[in-house]
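All remarks here apply to the structure that follows.
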Amino acid sequence: MSRSIVRQSKFRHVFGQTVKAEQGYDDIRVSKVTWDSSFCAVNPKFLAVIVESSGGGAFLVLPLSKSGRVDKNYPLVIGHSGPVLDIDWCPHDDNILASCSEDCTAMVWQIPDRSLTSPISDPIVILEGHSKRVGIVTWHPTARNILLTAGSDNLIIIWNVGTGEPLITMEDHPDLIYSISWNRNGSLFCTTCKDRRLRVCDPRKREVVAERLAPHEGIRPMRAIFTRDGNIFTTGFTRMSQRELGLWDPTNFEEPIALLELDTSNGVLLPYYDADANMVYLCGKGDSSIRYFEITDEPPYVHYLSTFSSKEPQRGMGFMPKRGVDVSKCEIARLFKLLDKKCEPITMTVPRKSDLFQDDLYPDTAGPEPAMEAEEWLNGRDEDPILVSMRGGYVAPKNRELKVAKKNMLDSRPTTRHRYLLTIKKKNDSYICKCSFLLILSFN
């Protein structure tokens with residue numbers, strides 16, 4: 001008599017649940033820009049959402065505790081002259097946020113701990129180096145102040161935001177870059193491109209160390225992320241426009257470790273990776289569901305776990321770092337689903353009867369302290385993230401101000417002041433009034 005064997009996994013019964021209505025965020029005018037970005041970024045302190053704005057680009061930053069209806073006059077972060085395309089919180093400072101825009105610039109912002117009382121329009125640093133719109137911005141996982149940007153000029157620029165200077169420029173991509181993902185220690189990153197190639201790049205050598213043509217045979221956009229083991233997880237489309245996921249070994253791109261067809265839909269699948277649980281959450285734009293998978297060393301290597309479904313389609317998604325989950329409720333992930341005019345948090349929970357801390361669910365996770373300085377990374381040093389314990393829950397450190405060592409390019413530009421000089425002279429028996437215009441330039 002044959003007996004089916006069920007795979008043992010502590011994540012097999014993970015279930016998703018939308019929080020109560022009053023714990024969501026309502027009346028948010030989510031951006032309608034046609035760009036395959038998540039439009040949302042979240043950390044243990046703040047929720048940031050790219051929103052509709054007249055006269056330039058803007059995004060909304062809310063403390064996580066400020067749930068409920070958002071006032072229509074709530075102050076925004078406004079500094080870009082074109083629509084904002086991507087935002088990313090710094091992994092080493094929960095008050096620092098990077099943004100990029102159609103105005104060809106990236107900006108770094110310091111967000112105060114309190115709720116905003118007035119709009120923020122002055123970034124800490126403005127990064128100018130791209131000639132076309134900048135669509136991707138992502139922080140280095142372990143080195144302080146290292147930021148990567150990619151634009152429609154097919155350039156990848158790595159910056160030291162502590163000085164406001166570009167460190168590395170790569171011109172290896174002949175077409176539009178769809179996605180970029182650092183590996184765990186930040187020594188490499190992988191990219192997907194419109195030329196249908198998956199590339200692994202060593203930024204300090206300024207070279208592509210591995211590449212694969214058409215990991216997915218379709219021509220629709222692909223996404224790729226590094227896993228903690230150094231493999232690459234990809235999403236894309238088949239030649240018949242079916243959505244597909246794959247797992248690849250970058251040292252041997254000939255055959256995939258796993259390749260799995262999912263369904264037929266137009267939305268690009270955005271992968272969100274939990275390195276501690278080795279799980280991937282797939283969120284398609286326009287979908288009303290989130291599928292999640294576990295990656296293991298056993299065939300078929302990528303195991304389907306379950307699907308969380310809701311009624312309304314998602315416009316974007318934010319993924320909370322493990323530091324921000326509630327360990328007392330066995331919550332292993334929290335996603336923030338963007339709808340047309342609101343944001344709904346979704347909790348992913350492992351059902352457990354005990355109220356004690358679950359060591360097997362919460363290994364030490366990446367903390368907020370950088371493992372090295374920017375100069376050390378540039379000189380060839382590699383370090384894994386500094387880990388912190390989740391026992392007792394995570395307490396966010398106090399706000400630390402980011403100091404830029406060198407002045408921004410804009411700081412050296414002259415500031416202009418206008419003054420008028422009124423002079424009155426007596427000539428013969430009449431008075432002559434003369435108004436002079438003075439232009440005063442002052443340099444900081």
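The listed residues Phe189, Phe308, once ranked by accessible area (1.4 Å probe) with the largest placed first, stand as Phe308, Phe189.
Only helical runs count toward this figure. For the chain, summing -39,500 (n - 2.57) over DSSP H runs of n ≥ 4 and dividing by all residues gives 0 deg cm²/dmol at 222 nm. Please tell me which of these pairs span more than 20 angstrom C-alpha to C-alpha: Lys45/Lys311; Lys45/Lys66; Lys10/Lys322; Lys66/Lys311; Lys72/Lys132; Lys285/Lys329? In this structure, Lys45/Lys311; Lys66/Lys311; Lys72/Lys132; Lys285/Lys329 lie more than 20 Å apart at Cα.
Taking amide H positions as modeled 1.01 Å from N, with prolines and chain starts lacking one, the residues under 5 Å from Leu387 and 5 or more places away or on another chain are Gly367.
With +1 on the Cβ of every Lys and Arg and -1 on the Cβ of every Asp and Glu, and nothing else charged, how large is the dipole of the chain about its Cα centre, in debye rounded to the nearest 20? Mind dumping the intermediate values first?
Values: 56 positive and 57 negative charges, 368 e Å.
In debye, rounded to 20, the chain gives about 1760.
Grab the other residues whose beta carbon is less than 13 angstrom from that of Leu269, score K and R as +1, D and E as -1, and report the net. Every neighbour counted, the sum reads 0.
In this view, the solvent-accessible surface of Trp89, computed with a 1.4 Å probe and all protein chains in place, comes to about 20 Å². For the options Leu335, Leu176, Leu213, a Gaussian network treatment of the chain with springs between C-alpha atoms closer than 10 Å singles out Leu213 as fluctuating the most. Per-residue Karplus couplings for the range 367-384, computed as 6.51 cos²θ - 1.76 cosθ + 1.60 with θ equal to phi - 60°, are listed in order as x, x, 7, x, 7, 6, 8, 4, 5, 5, 5, 5, 7, x, 7, 10, 9, 6 Hz, Gly and Pro entered as x.
Note on the chain: antiparallel DSSP beta bridges, both residues inside, total approximately 95 percent of the bridges counted.
About the Cα centre, and with charges only on the beta carbon of Lys, Arg (+1) and Asp, Glu (-1), how big is the dipole of the range 81-185? Nearest 20 debye, please.
Working: 5 positive and 14 negative charges, 44 e Å.
In total the dipole reaches around 220 debye.
In order along the range 234-241, phi translates into HN-Hα couplings of 10, 10, x, 9, 7, 5, 9, 6 Hz, rounded to whole numbers, per the Karplus curve 6.51 cos²θ - 1.76 cosθ + 1.60 with θ = phi - 60° and x for Gly and Pro.
Output the Kirkwood hydrodynamic radius of the range 265-391, Cα pairs only, in Å rounded to one decimal. All intermediate terms of the calculation are to be shown ahead of the outcome.
Values: mean 1/r = 0.0603 Å⁻¹.
Every distinct Cα pair counted, the radius reaches 16.6 Å.
Sorting Leu198, Leu305 on solvent-accessible area from highest to lowest, probe radius 1.4 Å, gives Leu305, Leu198. Modelled spin labels at Arg239 and Glu128, positioned 7 Å past Cα toward Cβ, are 4.9 nm from each other. Converting phi to 3J(HN,Hα) with the Karplus coefficients 6.51, -1.76 and 1.60 and the offset θ = phi - 60°, the range 339-350 yields 10, 4, 9, 7, 10, 10, x, 10, 9, 10, 10, 9 Hz in sequence order, with x at every glycine or proline. Proximity of backbone amide H atoms, modeled 1.01 Å from N, is registered between Asn95 and Arg400 at under 5 Å, excluding neighbours fewer than 5 places apart on the same chain.
The values are calculated or read from the model by the stated rules, or taken from the named source; none is laboratory data. Keep in mind it's a predicted model, so treat the numbers as computed, not measured. Backbone-built Cβ (ideal geometry, glycine too); neighbour counts: all protein chains shown. Protein only, heavy atoms only, side chains kept; ligands, DNA and RNA dropped before computing areas. Shrake-Rupley method; radii C 1.70, N 1.55, O 1.52, S 1.80 Å.
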